[in-house]
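In what follows, a structure is listed as structure tokens, so that the remarks can point back to it.
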């Protein structure tokens, strides 16, 4: 997320940074801005390559809704059932409940004023139309700017058909992009004729500019005319614009070397962006050695076929949707589409395997950023595997291996969507299905959905015993112990957690899950009054985490240690531990870790003598619990600090004063609440 500024007003946004100078379109920009001011739903329509997305992003960046401007990229998505999940992710919403994503969206949008940019919806028009209609009908502060090749056909929609650039602007665009390549357009008359042939389509003009480093404008015009006559039968009048773009793209494609054309086709298998390592593995071989992919990719970058972007996950590349679709046609024509799809799936299965292992290391933050950046590709890999009966076990394994992302990075709802699909399948590979089952149980527990959680875990336990799978049995027993923990059955929780930890030790398992099992046992012991044992367990967890650079499980150990420090009357130590705990959990978008730390910080704060601030923190925590699920799991043990804090704060402030402070805290969004607490 970043801030954009319009007239000095900072606005939250996930709009991409513009990669180069925006040329022309002043009248269209003004018209689109006026349309957005007068209508809650505006749809920019036009053929591919006409500049719809670029214009929409520029217009959206000039909007100043109080709660931000949020773009949702839909072009790479193929599953209509995932549309709501993708919008939730784009808005940066972290929700741990079992609520449908549409309900989560409506709850988030209530009382907010924001602009949602839906880009590339045309292949998902029914799902997107239903979403937009439902949201606009119940969220009065929402405006939608849709971008596609066709209307949404929703009541109240205002269409903004985008025409090609005029000739002067086309020539300016050609000259500016050529200059970026260190080239010049030369004879302006030739440049104008070239732009006329290109029908004023910005993508076609940019592709032409990418060639001016090696060919003159006159040579480009001659080559374009050759292809033009081939496609139009020699007629120079009335060429449809979609055909003009196809001519320009095909002409640019023909000017590529055979290896460049091959890579262009193979890169179309990626959903959204990709990095160099992925391109080398997925696209290398069989006519294009992996070690040559970088050079060929650089050539496509120089020709504007591929763009480069800096992200929190490092340098990534992407193709515009029109060029990706053209490459996909060529890939299908080569008969290599299925093989490339499998290589893409295998890369992301391998990547998830490495991430899961490396999560138990100092690289957790990097892995979280990588997983977030690769989410469109992970979705594509999951969909491919889970819809192929022969490869369903890979989908089960992938959905299970991503447990750290679903659980540790605030993606419970989408994780459950994939895990439920995976668990329903009989793949013939029990170990993969068992993994999906125990992870499904874990996710359901965190969503406060203990019935389905127990059903998944019990099935996992039975099948693990039948197939002699000791690790799966340990995970099933561990998570069943967690159900007992959050439902206040401490003796059963202690028995199950101790047994699971013994199984882990016999199986040689040591990872973040195992450490969480130790922390959860410490919680059970603390709730039973055995605080010294709880401290001993969590100090050992902290030591192991520090040795391995693990931060996620460490935060929960700090929570227990902070509780113990508060019980000993050392509020300063408790606050220091909780600051560390809260900062880490918030960084991972771990809502449960964040809200538990915030609740305990409120108790520490009232113990330090600031009842008003404690009540504000309780109000902020109360708002956060709505996105987590059942407050404190409905547990008397987990709820005890909150009850005690409230009683003390009410005594100091009186009922009216306490309620006013809680109300003020409930107005704080998560980032603001965490910043205030720290």
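The values are calculated or read from the model by the stated rules, or taken from the named source; none is laboratory data. As the structure is a computational prediction, the values presented were derived from the model and not from experiment. When we count neighbours, we look across all protein chains shown, and the Cβ atoms used for this are built from the backbone with ideal geometry, even at glycine.
A few points about this structure:
- Any helices (runs of 4 or more DSSP H) falling wholly within segment 280-380 and containing at least 1 residues that are more than 24 Å from the chain's Cα centre (by Cα): 293-302, 321-334, 337-358
- In this structure, residue 97 does satisfy being outside the structural domain of residue 452 (by TED's automatic domain parsing), crowded, with 21+ Cβ neighbours inside 10 Å and in contact with a helix residue (DSSP H, G or I) (Cβ under 7 Å, 6 or more places away or on another chain).
- Residue 422 vs. criteria modelled with pLDDT under 95 and surrounded by 24 or more Cβ atoms within 10 Å (Cβ to Cβ): no
- Within the span defined as segment 447-455, every residue fails to be assigned by TED's automatic domain parsing to the domain that holds residue 406, in contact with a helix residue (DSSP H, G or I) (Cβ under 9 Å, 6 or more places away or on another chain) and more than 24 Å from residue 100 (Cβ to Cβ).
- Qualifying residue in segment 64-73 (condition: part of a loop (DSSP other than H, G, I, E, B), at pLDDT 85 or above, touching a helix residue (DSSP H, G or I) at 6+ places or on another chain (Cβ under 7 Å) and buried (at least 18 other Cβ atoms within 10 Å of the Cβ)): no
- Lone unmet requirement of (1) touching a helix residue (DSSP H, G or I) at 6+ places or on another chain (Cβ under 7 Å); (2) over 23 Å from residue 488 (Cβ atoms); (3) at pLDDT 95 or above for residue 660: (1)
- Within the set 47, 100, the sole residue that is touching a residue at least 12 places away in the same chain (Cβ under 8 Å) and within 30 Å of residue 591 (Cβ to Cβ) turns out to be 100.
- Of all residues in segment 514-553, those satisfying the criterion of being in contact (Cβ under 8 Å) with a residue 40 or more places away in the chain, part of a helix (DSSP H, G or I) and within 22 Å of residue 355 (Cα to Cα) are 515, 516, 548, 552, 553.
- The set of residues in segment 574-591 being surrounded by 20 or more Cβ atoms within 10 Å (Cβ to Cβ) and part of a helix (DSSP H, G or I) consists of 574, 575, 577, 578, 581, 582, 584, 585, 586, 591.
- Selection status of residue 83, surrounded by 21 or more Cβ atoms within 10 Å (Cβ to Cβ), more than 21 Å from the chain's Cα centre (by Cα) and either part of a loop (DSSP other than H, G, I, E, B) or outside the structural domain of residue 451 (by TED's automatic domain parsing) (or both): no
- Complete set of residues in segment 103-113 that are under 19 Å from the mean Cα position of the chain (by Cα) and either buried (at least 22 other Cβ atoms within 10 Å of the Cβ) or in contact (Cβ under 8 Å) with a residue 40 or more places away in the chain (or both): 104, 105
- Number of positions in segment 139-168 that are farther than 30 Å from residue 198 by Cα and assigned to a loop (DSSP other than H, G, I, E, B): 8
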